[in-house]
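Visitor: Starting off with a structure, shown below.
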Amino acid sequence: MNVFAGVDDVARELGLSPSTIKKYYLLIEENGYRFTRSRTGKVIFSERDLEIFKRLIQIKNEKGIKVVDAVKTVISSITDVTVWKESAVATEFEEPPVDITVMKETMEQMHEIIKNQQKQIDQLLESQNQTQKLLESGSTDRDKLLLQSIRETQELKQLILENNKKKKWWQFGK
């Protein structure tokens, strides 16, 4: 089954203007028939749809028949197609068509963005932990050096005191 890309292709095939095809397909849809739509919402016509247009043109060209009457005749002659009720038609136009694949792609992109953000958060946490360890180890090393310096100073004072005690009484002032 051939699929025609859109209104322009059908217009070329039937030798009509695109505006006429658009008028016809809108009238046909008003009477309950639904044409296939692309992901972007544009109408896509099949070989079967082309036959409906040919039948419509044939009936319309008969003497004294209006386009609206021809559409009703064509729609009523299609037996294997479910014709939508008036309420269903109104509901369909009120709700915008939802393209599941676009939503799926958007969700996948969002998932990737979230994964990247989580990686960045993990890297920042690791960096923060390393900085904290460096600060703790730096203060610990500094504390050790300070204690060592204090001990050395105390030992030096102790040596000086012991040395002063060992001096004889005549060397005391010197």
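The values are calculated or read from the model by the stated rules, or taken from the named source; none is laboratory data. Since the model is a prediction, treat every value here as computed from it, not as a measurement. For neighbour counting, all protein chains shown are included, and Cβ atoms are generated from backbone atoms with ideal geometry for every residue, glycine included.
Visitor: Test Tyr33 against the stated conditions and say whether it is surrounded by 15 or more Cβ atoms within 10 Å (Cβ to Cβ), in contact (Cβ under 8 Å) with a residue 40 or more places away in the chain and assigned to a helix (DSSP H, G or I).
Guide: no
Visitor: Another one. Please work out which one of (1) without any contact (Cβ under 8 Å) to a residue 40 or more places away in the chain; (2) assigned to a loop (DSSP other than H, G, I, E, B); (3) in contact with a helix residue (DSSP H, G or I) (Cβ under 8 Å, 6 or more places away or on another chain) is the condition Gly64 fails and give its number.
Guide: (3)
Visitor: Here's a follow-up. Would you say Val89 is in the same structural domain as Glu13 (by TED's automatic domain parsing), in a helix (DSSP H, G or I), at pLDDT below 85 and surrounded by 13 or more Cβ atoms within 10 Å (Cβ to Cβ)?
Guide: When the stated conditions are applied, Val89 passes them.
Visitor: I would also like to ask the following. For Asp49, state whether it is acidic (Asp, Glu) and modelled with pLDDT under 85.
Guide: Taking the combined requirement at face value, the residue does not satisfy it.
Visitor: Condition (residue is under 29 Å from Thr101 (Cα atoms) and in a strand (DSSP E or B)) applied to the stretch 2-19: is it met by at least one residue?
Guide: Checking the stretch 2-19: at least one residue is under 29 Å from Thr101 (Cα atoms) and in a strand (DSSP E or B).
Visitor: Quick one: count up the residues across the stretch 72-81 that are of a type in the set (Val, Ile, Thr), surrounded by 10 or more Cβ atoms within 10 Å (Cβ to Cβ) and modelled with pLDDT under 85.
Guide: Going through the stretch 72-81, the residues of a type in the set (Val, Ile, Thr) turn out to be 73-75, 78-79, 81.
Remaining after also requiring surrounded by 10 or more Cβ atoms within 10 Å (Cβ to Cβ): 73-75, 78, 81.
Within this subset, residues satisfying the condition of being modelled with pLDDT under 85 are 78, 81.
Qualifying residue count, the stretch 72-81: 2.
Visitor: Scan the stretch 99-156 for residues that are in a helix (DSSP H, G or I), touching a residue at least 40 places away in the same chain (Cβ under 8 Å) and surrounded by 10 or more Cβ atoms within 10 Å (Cβ to Cβ) and jot them down.
Guide: Once the filter is applied, which keeps residues that are in a helix (DSSP H, G or I), touching a residue at least 40 places away in the same chain (Cβ under 8 Å) and surrounded by 10 or more Cβ atoms within 10 Å (Cβ to Cβ), the stretch 99-156 yields only Val102.
Visitor: Please go through the stretch 36-61 and pick out each residue that is in a helix (DSSP H, G or I), loosely packed, with under 15 Cβ neighbours inside 10 Å and either acidic (Asp, Glu) or free of Cβ contacts under 8 Å to residues at least 24 places away in the same chain (or both).
Guide: Once the filter is applied, which keeps residues that are in a helix (DSSP H, G or I), loosely packed, with under 15 Cβ neighbours inside 10 Å and either acidic (Asp, Glu) or free of Cβ contacts under 8 Å to residues at least 24 places away in the same chain (or both), the stretch 36-61 yields Glu47, Glu51, Gln58.
Visitor: Right, Val67: surrounded by 10 or more Cβ atoms within 10 Å (Cβ to Cβ), at pLDDT 85 or above and within 29 Å of Leu14 (Cα to Cα) or not?
Guide: yes
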